[in-house]
1. Putting +1 on Lys and Arg Cβ atoms and -1 on Asp and Glu Cβ atoms, find which of V313, Q181, L113 reaches farthest to the positive end of the dipole of the chain.
2. Using amide H atoms built in the peptide plane, which far-off residues or other-chain residues are under 5 Å from I115 H to H?
3. Take the Cα of E204, step 7 Å along the line toward its Cβ, and report every residue of segment 258-301 whose backbone nitrogen sits under 13 Å from that point.
4. P(r) of the chain in 20 Å steps, Cα pairs, percent per bin?
5. How much accessible area per residue does the chain have, counting only protein heavy atoms and a probe of 1.4 Å, in square angstrom?
6. Hey, got a sec? Which trypsin sites (Lys or Arg not before Pro) in segment 230-287 land in a DSSP loop and have at most 12 other Cβ atoms within 10 Å?
7. Counting only pairs 8 or more residues apart or on different chains, how many lysine pairs in segment 114-270 have their Cα atoms under 29 Å apart?
8. Please identify the GluC sites (Glu not before Pro) of segment 15-105 that satisfy two criteria: DSSP loop assignment and at most 16 other Cβ atoms within 10 Å. Which are they?
Amino acid sequence: MTENRPDSDAQDPWAEIRPYNDDEVAGVLARLTHEPELLDALTRFRLPRLSRAMPGLSRTLASLALRRQARGVASVRDFQQRIAGYMERMIRTSTDAFETEGLDALDDDTAYLFIGNHRDISLDPAFVNYALYLAGRNTVRIAIGDNLLKKPYVTDLMRLNKSFIVPRSARGKRAMLAAYQKLSSYIRHSITADNHSIWMAQREGRAKDGIDRTDPAIIKMMTMARRAEDRQASLGEAIAELRLVPVAISYEYDPCDVQKARELHALHSSGAYEKGQYEDIQSIVAGITGHKGRVRLSFGTPLDASFGAPDAVAAEIDRQVLEGYHLFPSHYLALETLGEAPELVDQSEVTDADRARFQARLQQVPAELRDWWLAQYANPVLNKAGRAPYDPAAEQDEQAQQAE
């Protein structure tokens, strides 16, 4: 689908948050090929020695490479076609398998609001897009928090890739309300007027503890636009209009699992965790390049108008996400290692190779982080069984009390 730009700003109330349109692509790409921070970031990653010894030369080489890659890219679709090639290579080199289910039950030419569990900053929607691409369908517009867009070049890259901006940094109740009304209006317009699908995470931030739960506040935001236009509209009618479809993504291994464990451990032990300046970018790179084992993507069924409250909608999303979540040997082995709920440990598909791979990864985890690391993989098993999740903080506090 072509990204067309309205004739005037009066017809483009979402200009500050929407993805770039086709007629903006050339100018954005030209700007990026001369952006010093982007060029420095690329050379630090691809040419670390040269970037230190001869930063000017390495920047020039990076600019030439970008211009070569940008040649022939005149639309958003062209840009995403280039990304598809990188996705194919990433899947080939960093996964053992990528499978999808449920997509064939959804209409080819109908827009949906896909709402998914959130484990990886960039890959969760990227895998959704790749599944749509393989099926010959149009890709989604992606919701991304403005907390991740601290650098102008990152904002440009994300908006070229059909991302739209979710406000998280607005200050004051009135400012936040206005920002969310605009966001809700854009989401509704994308689905009902543009017939263009959207992907959103079920909550703000990644699930770092293996617990996938929908925030009802997101449901309230999604339905603001319809209910502002029609005060008589029920929440269920607003939900049905958006054709909301839960999506579950399951990774056998998370390339950022140690970093997530470190953050949770720090929050428990010192009450705070301060991200480094480039930590989100590093997490994106680690997620893309790190080994993920097998990946499974499961599309659910659209929600109807029968829901009367945001909590009920959130509960149905959670039910479908849990139902679609695929448990790999890594999940069962983590639960076994913790010694929790042995009756839930299914070893029918656990091979010696699976166990050796799991133990090798576990040995690389610092001792003080291991319970937090294991919880990420064990909790999906407990969640699907309706059990309380494993809480390393409570476990460690209890052990400390017993030691006293």
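1. Q181
2. Amide H neighbours of I115, under 5 Å, 5+ apart: M200, V245, V247.
3. none
4. Per 20 Å bin, starting at zero, the Cα-Cα P(r) for the chain comes out as 25, 57, 19, 0 percent.
5. On the way: 19550 Å² over 404 residues.
In whole numbers, the chain has 48 Å² accessible per residue.
6. Numbers: sites: R231, R243, K260, R262, K275; in loops: R231, R243, K275.
Qualifying residues, ordered by number: R231, K275.
7. For segment 114-270, qualifying lysine pairs total 23.
8. Passing sites in segment 15-105 are E16.
The values are calculated or read from the model by the stated rules, or taken from the named source; none is laboratory data. The model shown is predicted, which means the values in this text are computed figures rather than measured ones. Every residue, glycine as well, gets a Cβ built from its backbone with ideal geometry; the counts of neighbours run over all protein chains shown. Only protein heavy atoms, including side chains, enter the accessible area calculation; ligands, DNA and RNA are left aside. Shrake-Rupley method; radii C 1.70, N 1.55, O 1.52, S 1.80 Å.
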